[in-house]
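Undergrad: Below you will find the structure I want to go over with you.
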Amino acid sequence: MQPNTTTAKRILCIEDEHFISELYARALTKAGYQVDVQLDGQKGMAAAQTDAYDIILLDLMIPNITGIEVLRTLRNPAKTPKMHAKIIITTNLEQRDDVRADIEQQADGYLVKAEITPKELVDFLNHLKI
C-alpha cells in the first residue's frame, strides 16, 4: 500500500549516472516516495538547501562539485541553516578507511551502490527514522 502524496516522504537523488538514478527513482516511486533527481552537484546542492526533502541520496562523484563538498556545505549551519533531511551517501568509489569514517560521521548512512539492489535501498530507507 502506498502512502498518499500528503504524507509521502520526499527524496532528492543527486546522481549523474542516468541508469542508476532511473533505477532508484522507479523503485522509490513504486514504494510511495516522491523523488526528484538532479544530475549535477551544484544544482543538487541548491535543491537540497531548500530543505524541501526528507532524504537526500548523494553520490560522491558528480559533475561541477563533489559529493563531499555538497555534504560539508549541507552540514555547515552557516551555509545551510535549515537542514532536517537525512543524507545518505551512495557511491562505488573506494575510500581510505579514514576518509570513509569522516564521511560517515557527517552522513546518516553510507551505501556502496554495487552492493545494494533498488529493493534493498527501499528497505533501508523505510527503516530510517525521519
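Nothing in this text is a laboratory measurement; each read-out follows from the coordinates by a stated rule. Since the model is a prediction, treat every value here as computed from it, not as a measurement. Here the Cβ positions follow ideal geometry from the backbone for every residue, glycine too, while neighbour counts run over all protein chains shown.
Listed here are the residues, each with its yes/no results for (1) assigned to a loop (DSSP other than H, G, I, E, B); (2) without any contact (Cβ under 8 Å) to a residue 12 or more places away in the chain; (3) closer than 16 Å to Met45 by Cβ; (4) more than 16 Å from the chain's Cα centre (by Cα).
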{"residue": "Lys82", "(1), (2), (3), (4)": "yes, no, yes, yes"}
{"residue": "Thr90", "(1), (2), (3), (4)": "no, no, yes, no"}
{"residue": "Leu93", "(1), (2), (3), (4)": "yes, no, no, no"}
{"residue": "Asp98", "(1), (2), (3), (4)": "no, yes, no, yes"}
{"residue": "Asp102", "(1), (2), (3), (4)": "no, yes, no, yes"}
{"residue": "Tyr110", "(1), (2), (3), (4)": "no, no, no, no"}
{"residue": "Glu120", "(1), (2), (3), (4)": "no, yes, no, no"}
{"residue": "Leu125", "(1), (2), (3), (4)": "no, no, no, no"}
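Undergrad: So which of Asp16, Asp36 is in a strand (DSSP E or B), of a type in the set (Asp, Glu), within 21 Å of Ile116 (Cα to Cα) and over 10 Å from the mean Cα position of the chain (by Cα)?
TA: None of the others qualify; the one that does is Asp36.
Undergrad: Sticking with this one: Hey, among Leu60, Leu28, which residue is within 21 Å of Ile130 (Cβ to Cβ), among the hydrophobic types (A, V, I, L, M, F, W, C) and crowded, with 17+ Cβ neighbours inside 10 Å?
TA: It is Leu28.
Undergrad: Is the stretch 39-56 home to any residue that is of a type outside the set (S, T, N, Q), in contact (Cβ under 8 Å) with a residue 60 or more places away in the chain and assigned to a strand (DSSP E or B)?
TA: yes
One line per residue, one yes/no per condition, for (1) among the polar types (S, T, N, Q); (2) within 23 Å of Glu17 (Cβ to Cβ); (3) loosely packed, with under 15 Cβ neighbours inside 10 Å:
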position: Asn76; (1), (2), (3): yes, no, yes
position: Pro81; (1), (2), (3): no, no, yes
position: Thr90; (1), (2), (3): yes, yes, no
position: Ala114; (1), (2), (3): no, yes, yes
position: Pro118; (1), (2), (3): no, yes, no
